[in-house]
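Everything below concerns the one structure shown next.
Taken together, the values in this text are just the output of simple stated rules run on the coordinates, not laboratory data. Bear in mind the structure is a predicted one, so any value in this text is a computation, not a measurement. Note: ideal-geometry Cβ built from the backbone for every residue, glycine included; neighbour counts use all protein chains shown.
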């Protein structure tokens, strides 16, 4: 990947929750002034492509865990799955700019 917007997105999503978009943009080689207005970069096609790939991978993991929850009978295995699911939901919410508060996480069964 040679485009700086894609590189910035990769840096951001590989460090999600530990780095701001502006910092990822600076690390990708953009000027300080650009890093203070991330929309210039996050609206670019390469950033959006990396973002969609990341969200797609999260969705696959979320769905795999949701599919397994009804068959998990062991309390420890169920708890581990729910914990993983919560982390994945938070990562997805962070990646799309939503709140990560517990009150905003909703899972519908059936």
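Structure values in brief
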{"item": "Helical mean residue ellipticity (222 nm; -39500 (n - 2.57) per DSSP H run of 4+; nearest 500) of the chain", "result": "-20000 deg cm²/dmol"}
{"item": "Order of 74, 59 under a 10 Å beta carbon neighbour criterion, fewest first", "result": "74, 59"}
{"item": "Per-q log10 I(q)/I(0), region 4-104, q = 0.15, 0.21 Å⁻¹ (Debye; single scatterer per alpha-carbon; no solvent)", "result": "-0.66, -1.01"}
